[in-house]
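So the structure is just underneath, and the comments pick up after that.
The values are calculated or read from the model by the stated rules, or taken from the named source; none is laboratory data. Here the structure is a predicted model, which means the values were calculated and not measured. Here the Cβ is made from the backbone with ideal geometry for all residues, glycine too, and neighbour counts use every protein chain on show.
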Amino acid sequence: MKKEFGKLKNDLETLIAELEEEKFFFEGQRLIIGCSTSEVIGEHIGKSSSLEVAEVIFDSLSTVREKYDIHLMFQGCEHINRAVTMDRGTSVQFGFDEVSVVPHRSAGGSLSEYAYQEMADPVVAEFVTADSGIDIGQTMIGMHLKHVAVPLRTNTRLIGEAVVTIAKTRPKLIGGPRAKYNT
């Protein structure tokens, strides 16, 4: 593994350990991942897509998927309307409508392309509702999060050279000043 990928793997392991301490992962979680591999290697989003970086990120997250039995979903880039790659079982279980597109580096991004290649039965859906998300490189995952998104601050601010933002969701607070909430 190249030196820069060693640092990338270390960044991911550190972030995952922080998120485990925060009890961020849970069984059945729908976790959306947005990632610009270009940003991870210090380039402008969409300009230097890297399948090698995608492999490191996918492998790290696959370990988390197995440990917590979560549903990983990978957001593509704007050229496929930020459609989401996932296992067919996730799509069927949650009623996400499949669309006809195969993500690739120039339309979907390297992580979506890599995920599509590695999953046993991948599908792509245009719209999903995720419980939480990890956004590596400011890819704008918010459109795929359930209402209400809540940022989660971590000490790990970068994955490689890319800014990382973490979000979880909570139920809407409704009813006004007389209502009581389970918070």
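Scan segment 1-14 residue by residue and report those that are aliphatic (A, V, I, L, M) and either loosely packed, with under 13 Cβ neighbours inside 10 Å or part of a loop (DSSP other than H, G, I, E, B) (or both). Walk me through it before giving the result.
First pass over segment 1-14, keeping only residues aliphatic (A, V, I, L, M): 1, 8, 12.
Within segment 1-14, just 1 meets the criteria.
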**Study point:** Number of the condition not met by residue 17 [criteria: (1) within 16 Å of residue 163 (Cβ to Cβ); (2) part of a helix (DSSP H, G or I)]
**Key:** (1)
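I'd like the residue in segment 83-113 that is touching a residue at least 40 places away in the same chain (Cβ under 8 Å) and within 14 Å of residue 35 (Cβ to Cβ) and, out of all such residues, is surrounded by the fewest Cβ atoms within 10 Å (Cβ to Cβ). Lay out the reasoning, then the answer.
Narrowing segment 83-113 to residues touching a residue at least 40 places away in the same chain (Cβ under 8 Å): 83-84, 86, 90, 94, 105-106, 109-111, 113.
Still in the list and also within 14 Å of residue 35 (Cβ to Cβ): 84, 105, 109-111, 113.
Details: 84: 31, 105: 20, 109: 33, 110: 27, 111: 33, 113: 23.
The residue in question is 105.
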Exercise for review: Answer yes or no: is there a residue in segment 114-134 that is buried (at least 21 other Cβ atoms within 10 Å of the Cβ), acidic (Asp, Glu) and at pLDDT 95 or above.
Suggested key: no
Point to revise | Options 49, 36; residue that is under 16 Å from residue 139 (Cα atoms), touching a helix residue (DSSP H, G or I) at 6+ places or on another chain (Cβ under 7 Å) and crowded, with 22+ Cβ neighbours inside 10 Å | key: 49
Check your understanding: Consider residue 22 against the criteria (1) without any contact (Cβ under 8 Å) to a residue 40 or more places away in the chain; (2) touching a strand residue (DSSP E or B) at 6+ places or on another chain (Cβ under 7 Å): it satisfies all of them except one. Which criterion is unmet?
Key -> (1)
Review point. Considering only residues of segment 133-148 that are under 16 Å from residue 159 (Cβ atoms) and assigned to a strand (DSSP E or B), which is farthest from the chain's Cα centre (by Cα)?
Key: 136
Study note, to complete from the structure: Among (1) surrounded by fewer than 16 Cβ atoms within 10 Å (Cβ to Cβ); (2) farther than 28 Å from residue 8 by Cα; (3) not hydroxyl-bearing (Ser, Thr, Tyr), residue 151 falls short only on (2)
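Being acidic (Asp, Glu) and touching a residue at least 60 places away in the same chain (Cβ under 8 Å) narrows it down to one residue among 135, 69; which is it?
On the way: 69 fails: touching a residue at least 60 places away in the same chain (Cβ under 8 Å).
Going through 135, 69 in turn, the sole match is 135.
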Review point. Looking at segment 45-61, is at least one residue in contact with a Lys or Arg (Cβ under 6 Å, 6 or more places away or on another chain), in a loop (DSSP other than H, G, I, E, B) and at pLDDT below 95?
Key: yes
